[in-house]
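Visitor: First the structure, then my questions, so here it is.
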Ligand SMILES: [Fe+2]
């Protein structure tokens, strides 16, 4: 008997050694990790306070020359992700500061990027020849493959929040960055593009906004398809004043049980998210409004534009106020409350479109009568599944 046990142990040991040598894994040893009973998000629900961020950004403005970094950004690193510069498993986010008169040279890349102005007016982003002005609360998108450069023409420093789908693109090993922008016009003969750091503005300022921001109407004369892929909204700038007006006009509407009044920035030509991997949203919570519990199979980063409140995540309460940022990992029970006396406005970006594309997006949520429902999302819409 003892001999048989010894022999089996020796065989098992030999098998492990052989597997390692042959670059094989013994499934039974990693089964628990491979067959997870539910998603394991290492990322934490976490908040960054504006009062901690602002002085560091301004210090960076004094100590880090823009010429040395091109983009002067402090990147949100979720404390559950081991120092990775990712705000959630699938999203990259940062606050960037540009002092008056500073510019950031042109480049393009395969990750989709966005800016939402946190403080200051007078900024601009040139996207594919269109100069988009940037004031507080405006959203500017630079979809995959669009040349873009930035600048601050105001008299004060400008701070904005960048959100990119960089972790998703990186995991799929699809990252390209290009810095060799050239324009034929820069060459007197016009025959050869020569490198230039900034785009000549070739379109009317804010033309994509003028073309596409009249809700419910589309120009029939301007098939806007700039950029490398065209798989994105033709409107590159979305104004805060329009978003705010849309929300305030609905102040008497009950809204969503789980989000209050929430609206998505969309591609005006098809109603889909402005870029394929991320959905951009803005919501208004009225004074005292408290949402119902929900957990979703997606991650999100939130920015508080105005007001104050708290988000409860798996029972832990996190307070937020003006210019604070917080990360929401996947599949955590959460709800929101406006604890102030004014309307609270939250801007958020989620990777939900990517999850939906897999066909696996789902929610579990509290119902109006205090029960629970499990919801899956199909091409025909959402469907409640009996638990
Ligand atoms: Fe960029």
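Visitor: Considering only region 214-250, state which residues are part of a loop (DSSP other than H, G, I, E, B), more than 19 Å from residue 110 (Cα to Cα) and in contact (Cβ under 8 Å) with a residue 60 or more places away in the chain.
Guide: Within region 214-250, just 239 meets the criteria.
Visitor: Also, quick follow-up: Of the conditions (1) at negative phi; (2) crowded, with 17+ Cβ neighbours inside 10 Å; (3) not in a strand (DSSP E or B), residue 364 satisfies every one except a single condition; which number is it?
Guide: (3)
Visitor: Yes or no: residue 150 surrounded by fewer than 19 Cβ atoms within 10 Å (Cβ to Cβ), closer than 30 Å to residue 50 by Cβ, in contact with a strand residue (DSSP E or B) (Cβ under 7 Å, 6 or more places away or on another chain) and modelled with pLDDT of 95 or more?
Guide: It is false that residue 150 is surrounded by fewer than 19 Cβ atoms within 10 Å (Cβ to Cβ), closer than 30 Å to residue 50 by Cβ, in contact with a strand residue (DSSP E or B) (Cβ under 7 Å, 6 or more places away or on another chain) and modelled with pLDDT of 95 or more.
Visitor: I would also like to ask the following. Of everything in region 149-158, what is within 11 Å of the ligand (Cβ to nearest atom) and under 24 Å from residue 77 (Cβ atoms)? Give them in sequence order.
Guide: The one that is within 11 Å of the ligand (Cβ to nearest atom) and under 24 Å from residue 77 (Cβ atoms): 150.
Visitor: Looking at 81, 74, 57 in this structure, which one is under 22 Å from residue 360 (Cβ atoms) and modelled with pLDDT of 95 or more?
Guide: 81
Visitor: Sort out which residues of region 27-44 are outside any helix (DSSP H, G or I) and either loosely packed, with under 10 Cβ neighbours inside 10 Å or modelled with pLDDT under 95 (or both), and write them in order of number.
Guide: Those that are outside any helix (DSSP H, G or I) and either loosely packed, with under 10 Cβ neighbours inside 10 Å or modelled with pLDDT under 95 (or both): 35, 36, 37, 38, 39, 40, 41, 42.
Visitor: Restricting to region 117-145, and then to whatever is away from the ligand (no atom under 15 Å from the Cβ) and under 16 Å from residue 181 (Cα atoms), can you tell me which residue is surrounded by the most Cβ atoms within 10 Å (Cβ to Cβ)?
Guide: Per the criteria, the residue is 130.
Visitor: Now a separate question. Given the criteria buried (at least 18 other Cβ atoms within 10 Å of the Cβ), away from the ligand (no atom under 16 Å from the Cβ) and either under 25 Å from the mean Cα position of the chain (by Cα) or at positive phi (or both), does residue 90 qualify?
Guide: yes
Visitor: Output the number of residues of region 45-84 satisfying the condition of being in contact with a strand residue (DSSP E or B) (Cβ under 7 Å, 6 or more places away or on another chain) and outside any helix (DSSP H, G or I).
Guide: Within region 45-84, residues that are in contact with a strand residue (DSSP E or B) (Cβ under 7 Å, 6 or more places away or on another chain) and outside any helix (DSSP H, G or I) number 13.
Visitor: Given the structure, is residue 340 touching a residue at least 12 places away in the same chain (Cβ under 8 Å), closer than 30 Å to residue 252 by Cβ and outside any strand (DSSP E or B)?
Guide: Here the answer is yes, as residue 340 does meet what is asked.
Visitor: Looking at (1) within 16 Å of the ligand (Cβ to nearest atom); (2) closer than 23 Å to residue 348 by Cα; (3) at pLDDT below 95; (4) buried (at least 16 other Cβ atoms within 10 Å of the Cβ), which is the only condition residue 105 fails?
Guide: (2)
Visitor: With within 30 Å of residue 142 (Cα to Cα), buried (at least 17 other Cβ atoms within 10 Å of the Cβ) and in contact with a strand residue (DSSP E or B) (Cβ under 6 Å, 6 or more places away or on another chain) as the only criterion, which of 330, 298 stands out?
Guide: 298 is the lone residue from the list that is within 30 Å of residue 142 (Cα to Cα), buried (at least 17 other Cβ atoms within 10 Å of the Cβ) and in contact with a strand residue (DSSP E or B) (Cβ under 6 Å, 6 or more places away or on another chain).
Visitor: With 54, 70 as the choices, which residue is surrounded by 13 or more Cβ atoms within 10 Å (Cβ to Cβ) and at positive phi?
Guide: 70
Visitor: Turning to a different aspect of this structure: Going by the conditions given, is residue 97 crowded, with 24+ Cβ neighbours inside 10 Å, modelled with pLDDT of 95 or more, farther than 23 Å from residue 65 by Cβ and more than 14 Å from the ligand (Cβ to nearest atom)?
Guide: Against the criterion (crowded, with 24+ Cβ neighbours inside 10 Å, modelled with pLDDT of 95 or more, farther than 23 Å from residue 65 by Cβ and more than 14 Å from the ligand (Cβ to nearest atom)), residue 97 does not qualify.
Visitor: Only one of these is touching a helix residue (DSSP H, G or I) at 6+ places or on another chain (Cβ under 8 Å) and modelled with pLDDT of 95 or more: 354, 349. Name it.
Guide: Within the list 354, 349, the selection yields 354.
Visitor: Would you check which residues across region 159-197 are modelled with pLDDT of 90 or more, more than 13 Å from the ligand (Cβ to nearest atom) and more than 21 Å from residue 238 (Cα to Cα) and list them?
Guide: 167, 168, 170, 171, 172, 173, 174
The values are calculated or read from the model by the stated rules, or taken from the named source; none is laboratory data. Note that this is a predicted model, so its numbers are computed, not measured. Glycine gets a Cβ as well: all are built from the backbone with ideal geometry, and neighbour counts include every protein chain shown.
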